[in-house]
Amino acid sequence: MREIREETVSFAVHDLRQFVTALLAKAGMDEEKSAAVARLLVLTDAMGRRTHGVAMLLLYLKEIQNGTMRTHGEPEVVRDNGITAVWDGDYLPGMWLVEKAILQAMPRAAEHGIAAVAIRRSHHIGCLAALAKIAADQGFVALITNSDPAGQRVAPYGGTEALMTPNPLAFGYPGEHHPVLVDMCASITTTSMTRQKVAEGKLFDHPWLQDANGNSTRDPAVLENTTPRGSLLPLGGQEYGHKGYGLSLIVGALSQGLSGHGRKDAPKRWGGNTYVQVMSPDLFAGGDAFAEQMDYLSDRCRSNKPINPLQLVRVPGDAAATSIAQAQKHGISYDMAVWTGLCGWADKLGVDVPVSP
């Protein structure tokens, strides 16, 4: 395995896509899915969402090796009436499945104004904002929600036993210069961020978790290394967590209720249920009217007097657009831990590692 001496290594976006595609293909994933997952993982890193980017490949390759992520085939169409559809993903790659659903929904939304696909038994779908961007780049409005009925990370508000997952939600729409991309979840922080803090031996800056007795804490280890386990606090924390709890139930209704599969089925595999809704502004008040209203609102937000003069008010998606431009120009960097792990898989699978400039 190539020895890495630098603290970080950087690679061109194109080279990274080729590398990730080759790793997935050598692991057994078919060409279409490998290319889609690679493109979206690298885009996620380019957007600055590093917990859900190429680092996830270390987990995906293990899932493929263990046979818990399917690498070939198509989703089963459970129901399709032209405007709404239900798919059974049978644990196919989630990023590919959701991209496929968006690509199917866009022409239907262009015809009917709205289209939606509920997907059950998908594998992990990665960064929701990167997926919403697909539709927003084409002038559509997109809503994506996701939950994992096998996971137990968040207690219902007022409870102490972890029951739900962070239940992320993304909303994207076209903007004057780049899409507006809202990406959030029903818990204050995420499972990936918690694991990252545990690995680094760091505490959160604020008490975003609770232990098994309901005491708020900054210690991420209560979710990973204690018995009984603690839980992530819902958005709003112990004071106003009823808001995050309500949002979590909304996400569950869209992703589990509408797909007809959820906690009652007691799945044991890492995966998820996803709801994808695409809307065409042209079939509402019109694309020009949408742009006029939303671009005006974005401009007013950005021109709002900031608390700190050195930190101007941003609109969700501004930082991602800047980060993408920087990644295209300068490449994307990775720390030694992530890159060493990827190089290990490259040696195992016989894939050439890209050269850092």
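The values are calculated or read from the model by the stated rules, or taken from the named source; none is laboratory data. For clarity, every value in this text was computed on a predicted model and none was experimentally measured. Note that we place each Cβ from the backbone using ideal geometry, even for glycine, and neighbour counts take in every protein chain shown.
For a quick check of your reading of the model, give me the residue pairs whose first member lies in region 24-52 and is without any contact (Cβ under 8 Å) to a residue 40 or more places away in the chain, whose second is of a type in the set (D, E, K, R), with beta-carbon atoms closer than 7 Å and at least 6 apart or on different chains.
That search, which allows pairs on different chains as well, returns 25/31; 38/17; 39/17.
Which residue is farthest from residue 288 (Cα to Cα), if the candidates are limited to region 190-212 and must be touching a Leu at 6+ places or on another chain (Cβ under 9 Å) and at pLDDT 95 or above?
In this case the residue turns out to be 210.
Looking at (1) surrounded by fewer than 17 Cβ atoms within 10 Å (Cβ to Cβ); (2) in contact (Cβ under 8 Å) with a residue 60 or more places away in the chain; (3) closer than 25 Å to residue 48 by Cα, which one does residue 207 not meet, given that it meets all the others?
(2)
Quick one: residue 300 ticks every box in (1) in a helix (DSSP H, G or I); (2) closer than 30 Å to residue 97 by Cβ bar one, so which box is it?
Result: residue 300 fails condition (2) only.
Where the second residue is aromatic (Phe, Trp, Tyr) and not in a loop (DSSP other than H, G, I, E, B) and the first is surrounded by fewer than 17 Cβ atoms within 10 Å (Cβ to Cβ) and lies in region 150-167, which pairs have Cβ atoms under 9 Å and are six or more apart or on separate chains?
So the pair list comes out as 158/245.
Only residues that are part of a loop (DSSP other than H, G, I, E, B) and not aromatic (Phe, Trp, Tyr): list them for region 262-282, please.
262, 266, 267, 268, 269, 271, 280
When region 44-56 is examined, which residues are found to be within 17 Å of residue 338 (Cα to Cα) and among the aliphatic types (A, V, I, L, M)?
46, 54, 55, 56
Any residue that is hydrophobic (A, V, I, L, M, F, W, C), touching a Phe, Trp or Tyr at 6+ places or on another chain (Cβ under 9 Å) and in the same structural domain as residue 60 (by TED's automatic domain parsing) - is there at least one of those in region 291-312?
No, region 291-312 has no match at all.
Taking region 216-240 only, how many residues are over 17 Å from residue 163 (Cβ atoms) and crowded, with 24+ Cβ neighbours inside 10 Å?
Looking only at that region, the number is 1.
Quick grid of which residues meet (1) surrounded by 24 or more Cβ atoms within 10 Å (Cβ to Cβ); (2) without any contact (Cβ under 8 Å) to a residue 40 or more places away in the chain; (3) under 30 Å from residue 62 (Cβ atoms):
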position: 108; (1), (2), (3): no, no, no
position: 112; (1), (2), (3): no, no, no
position: 115; (1), (2), (3): yes, no, no
position: 124; (1), (2), (3): no, no, yes
position: 130; (1), (2), (3): yes, no, yes
position: 137; (1), (2), (3): no, no, no
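From the set of residues in region 286-335 that are within 30 Å of residue 58 (Cβ to Cβ) and aliphatic (A, V, I, L, M), which is surrounded by the most Cβ atoms within 10 Å (Cβ to Cβ)?
Here the residue is 320.
Looking at 3, 32, 63, 74 in this structure, which one is modelled with pLDDT under 95 and on the phi < 0 side of the Ramachandran plot?
Residue meeting the stated conditions: 3.
Taking interchain pairs and intrachain pairs at least six residues apart, which have beta carbon atoms under 7 angstrom, with the first residue in region 71-84 and touching a residue at least 60 places away in the same chain (Cβ under 8 Å) and among the hydrophobic types (A, V, I, L, M, F, W, C) and the second surrounded by 11 or more Cβ atoms within 10 Å (Cβ to Cβ) and not in a loop (DSSP other than H, G, I, E, B)?
Cβ pairs passing all conditions: 78/86; 78/87; 78/88.
Out of the residues in region 128-155 that are in a loop (DSSP other than H, G, I, E, B) and in contact with a Gly (Cβ under 9 Å, 6 or more places away or on another chain), state the one that is nearest to residue 84 (Cα to Cα).
The residue in question is 140.
Only one of these is closer than 15 Å to residue 164 by Cα and assigned to a helix (DSSP H, G or I): 243, 197. Name it.
Among 243, 197, only 243 is closer than 15 Å to residue 164 by Cα and assigned to a helix (DSSP H, G or I).
Confirm whether residue 259 is at pLDDT 95 or above, within 26 Å of the chain's Cα centre (by Cα) and part of a loop (DSSP other than H, G, I, E, B).
For residue 259, the condition - at pLDDT 95 or above, within 26 Å of the chain's Cα centre (by Cα) and part of a loop (DSSP other than H, G, I, E, B) - is met.
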